[in-house]
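Everything on this sheet refers to the single structure shown next.
Bear in mind that the values in this text are calculations on the coordinates, not laboratory data. What you see is a predicted model; the values in this text were computed from it and never measured. Cβ coordinates were reconstructed from backbone atoms using ideal geometry, including for glycine residues, and neighbour counts include every protein chain displayed.
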Amino acid sequence: MPFKLSPTKQKILLLLLIGLAFQGAYTPGKQIRLIKGLAQEWKRINKKTLKDEIRALYRSKLVSLKENADGTFNMILTDKGKLKSLNYHFAKMKIESKSWDKKWRIVVFDIPEKLRKGRNALREKLLSLGFYEFQKSVLVFPYECKNEIDFLIEFFNLRKYVRYGILESIDNDFHLRKIFKLL
């Protein structure tokens with residue numbers, strides 16, 4: 001029976017995952033946004049609940065404790081914890097619909113039959129996020145979504161089979177605008 005995490009445990013795992021993402025954020029702007037979001041989320045967690053949930057996370061082996069040379073400790077997300085937090089992030093993923101910049105995002109894939117389950121899961125997730133299926137392996141979306149696409153490609157381990165592009169014009173632009181209610 002898979003064990004279920006409380007909302008607070010889910011948030012702790014996601015916050016630790018954001019900490020990992022900070023290491024990969026190469027621009028100061030991205031790092032600042034991550035830090036601000038992280039600080040706001042930590043403030044929203046009740047302190048007693050936080051302590052109780054962290055103890056439970058240690059017992060479940062989703063996080064581990066590492067002592068530093070100066071006597072301080074770091075809480076580290078284990079591989080099991082990373083997988084669990086990625087699954088929660090995947091389930092709650094949304095793409096914000098900001099103002100349209102009149103460009104179309106396109107995801108194209110040619111995934112082998114032996115990876116059919118991953119191909120179908122990717123297509124299903126893109127459709128649930130609001131993409132329009134232009135063709136069976138070509139999906140279109142009007143808003144910025146590069147980070148989300150990169151996450152999905154890595155989540156399904158399909159990097160070499162999927163391409164992402166931005167179109168400035170397409171011959172059925174009017175049809176797509178109608179579909180996405182951009183008229």
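The set of residues from the stretch 121-153 being small (Gly, Ala, Ser) and over 16 Å from the mean Cα position of the chain (by Cα) comprises just one member, SER137. Which residues, counting only those in the stretch 40-62, are touching a helix residue (DSSP H, G or I) at 6+ places or on another chain (Cβ under 7 Å) and without any contact (Cβ under 8 Å) to a residue 40 or more places away in the chain? Within the stretch 40-62, GLU41, TRP42, ILE45, LYS61 meet the criteria. Of everything in the stretch 130-176 that is in a loop (DSSP other than H, G, I, E, B) and touching a residue at least 60 places away in the same chain (Cβ under 8 Å), the residue that is farthest from LYS117 (Cα to Cα) is GLU168.
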